[in-house]
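This report concerns only the one structure given below.
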Amino acid sequence: MKIKPELLLTKDQDIFIYNKILVTGLDTTLINYITGFIVNEFKDKNFHIDTSGEINVNQTGNLFSENKTLFLLKENIGKLDYNDNLLQEDQFLIISSSNSNKINKIKSEYIKSKHCLVVECYNLSRIAKKTILSDFVEKKAMHLSSDVFWYVIENFNDEYVLLLNQLTSLSLFGKRFESVKDIEGVVGLENKIEINKIFFCILGNNKALVDLYKHNILSQGDFYILLNSLKLYLEMISSSLNKDEALSKFPKYLFNEKGNFIKIYNLLNYKKILLLYKNIFKAEGLIRKNPGLYLDIGMRFLLNTKKIITS
């Protein structure tokens, strides 16, 4: 069976009726997001998550997993046989990988089986964005006029993770949006694409960083775009076991920033990541209490972020 990622995320789907799940496509950020979503569903059901890269049918989980196991394969898929039916009753398999000849063969077999699920991750279509937006608005109890609703569909990002970022920023400013002018002012869509690249300039000198900040952050909405972009890249790093996994989550359209991303990855460790999250939470709290001081609070936040990373 095959399902679209937006339906998996927005509808109440019973994924436990499938003992094999394939998450594939070309949007690597969405592939990793969907994989994390599914893994968390299994964790909530007390499954042991085996990330060894091997399928060990003798695996019995652990004391806290009730002997139920989910095998997560992101590599070594070359050894995988889609006809392998050795999984036990309480053993499940999820394969997470971008398209390849091997994956395409597995996909064609999984689609035919009622016991297998395929989730294909690509840039969102207009219909997919409508589904995601409708679900987000309902869950956040928001009201968007018809003009605003369709403006979001046409102008917000076609990559799921970045779209969710934009919608989250929007939700911070209220529950009702009646005019397109209002939403443009909040989200800052007027060609300010450089905001989400400020993170990659964090290793430059302070004067250049401050100048970049002042040039791009002209509203509270701009600051939230910056903050959410930092969260996105930090999540890519903190949720990865190694550099290669972090790079697999890195958006392809930011290929020019890959070198700086690797430099930042190499500077971080567990302690620094915790400090970065604390810095984010502190900035969010200060902005909520003092929205008119977003420029000064944001600048101090950015310089503290650099200090933590480079210390």
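Quick grid of which residues meet (1) closer than 24 Å to ILE225 by Cα; (2) touching a Leu at 6+ places or on another chain (Cβ under 6 Å):
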residue	(1), (2)
TYR110	no, yes
GLU120	no, no
LEU124	yes, no
LYS129	yes, no
SER134	yes, no
LYS139	yes, no
MET142	yes, no
PHE149	yes, no
GLU154	yes, no
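Does segment 169-182 contain at least one residue that is modelled with pLDDT of 80 or more, assigned by TED's automatic domain parsing to the domain that holds VAL210, within 30 Å of LEU26 (Cα to Cα) and touching a helix residue (DSSP H, G or I) at 6+ places or on another chain (Cβ under 7 Å)?
Yes, some residue in segment 169-182 is modelled with pLDDT of 80 or more, assigned by TED's automatic domain parsing to the domain that holds VAL210, within 30 Å of LEU26 (Cα to Cα) and touching a helix residue (DSSP H, G or I) at 6+ places or on another chain (Cβ under 7 Å).
Here are ASN260, ASN228, ASN256: which of them is without any contact (Cβ under 8 Å) to a residue 24 or more places away in the chain, part of a helix (DSSP H, G or I) and polar (S, T, N, Q)? First the steps, then the outcome.
Working: ASN260 fails: without any contact (Cβ under 8 Å) to a residue 24 or more places away in the chain; ASN228 fails: without any contact (Cβ under 8 Å) to a residue 24 or more places away in the chain.
Being without any contact (Cβ under 8 Å) to a residue 24 or more places away in the chain, part of a helix (DSSP H, G or I) and polar (S, T, N, Q) holds for just one of ASN260, ASN228, ASN256, which is ASN256.
Name every residue in segment 33-66 that is surrounded by 16 or more Cβ atoms within 10 Å (Cβ to Cβ), more than 15 Å from PHE16 (Cβ to Cβ) and modelled with pLDDT under 60, in order of residue number.
Residues satisfying the conditions are GLN59, GLY61.
Could you look through segment 134-168, keep only residues that are closer than 17 Å to LEU8 by Cβ and touching a helix residue (DSSP H, G or I) at 6+ places or on another chain (Cβ under 6 Å), and pick out the one that is surrounded by the fewest Cβ atoms within 10 Å (Cβ to Cβ)?
Only one residue fits best here, namely ASP135.
Hey, can you tell me all the residues within segment 195-225 that are in a helix (DSSP H, G or I) and among the β-branched types (Val, Ile, Thr)?
ILE195, ILE198, VAL210, ILE225
Which ones in segment 67-103 are surrounded by fewer than 14 Cβ atoms within 10 Å (Cβ to Cβ) and either among the charged types (D, E, K, R) or modelled with pLDDT of 75 or more (or both)?
Passing the criteria: GLU75, LYS79, ASP81, ASP84, GLU89, SER100, ASN101.
Could you list all residues from segment 285-296 that are surrounded by 14 or more Cβ atoms within 10 Å (Cβ to Cβ) and in contact (Cβ under 8 Å) with a residue 40 or more places away in the chain?
ILE287, TYR294, LEU295
Could you grab me the full set of residues in segment 169-186 that are surrounded by 15 or more Cβ atoms within 10 Å (Cβ to Cβ) and either in contact (Cβ under 8 Å) with a residue 40 or more places away in the chain or basic (Lys, Arg) (or both)?
SER169, LEU172, PHE173
Residue-by-condition table, conditions (1) at pLDDT below 85; (2) more than 27 Å from PHE173 (Cα to Cα); (3) touching a Leu at 6+ places or on another chain (Cβ under 8 Å):
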| position | (1), (2), (3) |
| --- | --- |
| LYS231 | no, no, no |
| LYS249 | yes, yes, no |
| ILE262 | no, yes, yes |
| ASN279 | no, no, no |
| ALA283 | no, no, yes |
| PRO291 | yes, no, no |
| GLY298 | no, no, yes |
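Looking at segment 1-32, which of its residues are in a strand (DSSP E or B), crowded, with 21+ Cβ neighbours inside 10 Å and either out of contact with any Phe, Trp or Tyr (no Cβ under 7 Å at 6 or more places or on another chain) or without any contact (Cβ under 8 Å) to a residue 40 or more places away in the chain (or both)?
ILE21, VAL23, THR24
Restricting attention to segment 239-253, report how many residues are part of a helix (DSSP H, G or I), surrounded by 15 or more Cβ atoms within 10 Å (Cβ to Cβ) and not charged (D, E, K, R).
Count: 3.
The values are calculated or read from the model by the stated rules, or taken from the named source; none is laboratory data. Being a predicted model, the structure only gives us computed values, none of them experimental. For neighbour counting, all protein chains shown are included, and Cβ atoms are generated from backbone atoms with ideal geometry for every residue, glycine included.
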